[in-house]
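The values are calculated or read from the model by the stated rules, or taken from the named source; none is laboratory data. Not measured: the values here are computed from a predicted model. Cβ atoms come from the backbone with ideal geometry, glycine included; neighbour counts cover every protein chain shown.
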Amino acid sequence: MTTQTNQKGFTIIELLIVIVVIGILATITAIALGGANERARDAARESDARSLRQALETYYTLGNSVYPTLADMNSETFRDEHFQGLDEEVFTDPNGTTSDLTDDENAVNQYIYEPGGCDVDLGGCTSYTLTVNLESGDAIVRENQQ
């Protein structure tokens with residue numbers, strides 16, 4: 001008498017091979033998406049730099065003939081009064097935690113605003129440099145147009 005056993009299923013080796021292949025694919029996907037996230041944050045930084053520069057030049061052009069000081073740029077009241085319609089997130093680096101700008105050139109995850117020629121009698125500054133550091137290692141540097 002012969003007994004036939006029809007077993008259906010996978011062996012442990014087959015299951016392990018499938019798990020390893022899935023792990024490799026997941027790792028490749030995670031690495032690929034990591035670069036995409038970095039590029040997206042850098043694109044947001046570029047957009048922020050354009051928006052801030054446009055707001056600064058508009059402020060200058062609308063009769064002020066000066067640029068704001070660093071203290072002005074960090075003042076919520078000043079922003080509300082002079083940068084209406086500009087989203088508060090424009091002042092914050094995508095990896096940052098504060099919307100305050102800094103004049104520290106070594107700052108990380110924070111936009112750098114360096115006003116120049118500031119004078120109390122003028123009520124502002126005659127120039128500025130806006131620096132936005134990208135994750136790619138490059139930097140966007142914008143200076144006044146006037």
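Below, the figures for the structure above:
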item	result
Test: residue in segment 61-82 that is over 20 Å from VAL120 (Cα atoms), part of a helix (DSSP H, G or I) and at pLDDT below 90	no
Qualifying positions in segment 29-41 - surrounded by 10 or more Cβ atoms within 10 Å (Cβ to Cβ) and either hydrophobic (A, V, I, L, M, F, W, C) or at pLDDT 95 or above (or both)	LEU33, ALA40
Residue that is nearest to VAL141 (Cα to Cα), among those in segment 62-113 that are over 13 Å from the mean Cα position of the chain (by Cα) and aromatic (Phe, Trp, Tyr)	TYR113
For GLU143: the one exception among (1) acidic (Asp, Glu); (2) within 30 Å of ASN37 (Cα to Cα); (3) buried (at least 16 other Cβ atoms within 10 Å of the Cβ)	(3)
Sole exception among (1) under 20 Å from ARG142 (Cβ atoms); (2) in contact with a Pro (Cβ under 9 Å, 6 or more places away or on another chain) for ALA49, by number	(2)
In segment 115-146, residue nearest to SER75 (Cα to Cα) [restricted to those that are β-branched (Val, Ile, Thr) and not in a strand (DSSP E or B)]	VAL120
